[in-house]
Amino acid sequence: MVSAPGKLMLMGEHAVVYDHPCLVTAVDQRMWVTIELMDNQEFWLEAKDVGIKEHKKTLKDLGKGGIPKGAKFVELAVKNIIEKYSLKSGFKVVTKSEFSSEFGFGSSSASTVCTIKAISEIFKLNLSHKEIFDISYKTVLDIQGKGSGFDVAASVYGGTLYFLTGGRAIKPFGIKSLPLVVGYSGVKADTAQLINKVKEDYFTKKDRLDEIYNKIEVLVNQGKDALVKRDWKALGKLMNKNQEYLVELGVSSGMLDKMIEAVLQAEAYGAKLSGAGGGDCMIAIVSEGKKEAVKRAILSTGGTIVNVETDAEGVKVE
């Protein structure tokens, strides 16, 4: 049995898809995956949280034919690791999630990372964090076609990270916790659709989008310094500016904007959407004394408080 954390993007979403850095933190709601070896050459998956009761395939058919949405990441993860290391055994995989997939915490990436880690443990492959990241990231690209891998990195390494597209840089900060309040908009975002929307815009507005991504990179690097210094006021101001660029990219929403405006009026240091946008969550960085006021502000808009701890431990054997 292996578990891995979900994630929250702090700064740099969308830009990170185009070779710019981001800041991400792992959250303490976890995905759990249990894997058993089987004598036959079959793959079985049970993932009740996403409606998969008994998904079966022979090993040679992995990745072929119709794959239920909730089974794709685990099935392709098994396919990629058995092909890479010429593994012959069948597997029974059972997944269980502590967090709702609707929050956009990266449940797909967490289940992928858990699957790779569990199989590597069973076969004593002694894979490093980076090797687990590389196979997991390949799996995500096989399915989505585009993606940066920051959510995979958060699940593998845990903590709060400075991350560059494709894992070219993965640097932990060693922070114990962040003074964050998280609000859920009530709308489940379609990450792939939003990334593709921005991708389509890129062909018609390339110069302006490049300019925005470069400016977001400057903010991320300044945010990195603010994190090192634990300067939450400075980080909040940078988050506000990052949100302005995300609004221009067209990935915010009326509900997210309303929640962000409310928490800023309640004297949060800063706030922005977290992730692909269009829905899912917003985050606010706040002083201890304003935390309750900020939570009330989120509730007043019709949003929901999501209680999570940040800087969670990365993938581990349970």
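Miscellaneous remarks
- On Cα atoms only, tilt of 129-144 relative to the major axis of the chain in degrees: 90
- Gyration tensor (Cα) of region 1-65, equivalent ellipsoid semi-axes in angstrom: 33, 17, 11
- A simple spin-label model places the labels of ASN40 and VAL228 5.7 nm from each other, with each point 7 Å out along Cα-to-Cβ.
- Ratio of the Cα radius of gyration of region 73-216 to 2.2 N^0.38 Å, where N counts its residues: 1.17
- Taking the fewest neighbouring Cβ atoms within 10 Å as the starting point, the ordered list for TYR162, TYR157, TYR85 is TYR85, TYR162, TYR157.
- Exposure proxy ranking for ARG208, ARG168, ARG30, based on other Cβ atoms within 10 angstrom of each Cβ and starting from the fewest, stands as ARG168, ARG208, ARG30.
- Entry for region 41-92 at q = 0.18, 0.24, 0.28, 0.32 Å⁻¹: log10 I(q)/I(0) = -0.51, -0.88, -1.16, -1.41, Debye formula applied to identical alpha-carbon scatterers, no solvent contribution.
- The charge dipole of the chain, taken about the Cα centre with unit charges on the Cβ atoms of Lys, Arg (+1) and Asp, Glu (-1), comes to about 220 debye, rounded to the nearest 20.
- Residue exposure sequence - THR160, THR165 - by fewest surrounding Cβ within 10 Å: THR165, THR160
- Take the Cβ atoms of LYS53 and ASP257, set R0 to 35 Å, and the FRET efficiency comes out at 0.30.
- Compactness relative to 2.2 N^0.38 Å, alpha carbon Rg of region 223-273: 1.16
- Normalised by residue number, the volume inside the convex hull of the Cα atoms of region 6-141 is 116 Å³ per residue.
- Extension reserve of the LEU141-ASP61 stretch, reckoned as 0.36 nm per residue once the Cα distance is removed: 26.9 nm
- Largest first and in whole Å, the equivalent-ellipsoid semi-axes of the chain read 34, 20, 18, each the square root of five times a Cα gyration tensor eigenvalue.
- The SER128 and MET1 beta-carbon pair, evaluated with R₀ = 25 Å, returns a calculated FRET efficiency of approximately 0.75.
- Note on region 180-306: Rg/Rh from Cα positions, Kirkwood definition for Rh, rounded to two decimals, is 0.99.
Values quoted throughout were computed directly from the atomic coordinates according to the rules given, and no laboratory measurement underlies them. Remember, it's a predicted structure, so these values are computed and weren't measured experimentally. Quick reminder, even Gly has a Cβ in these numbers, built from the backbone with ideal geometry, and neighbours come from all protein chains shown.
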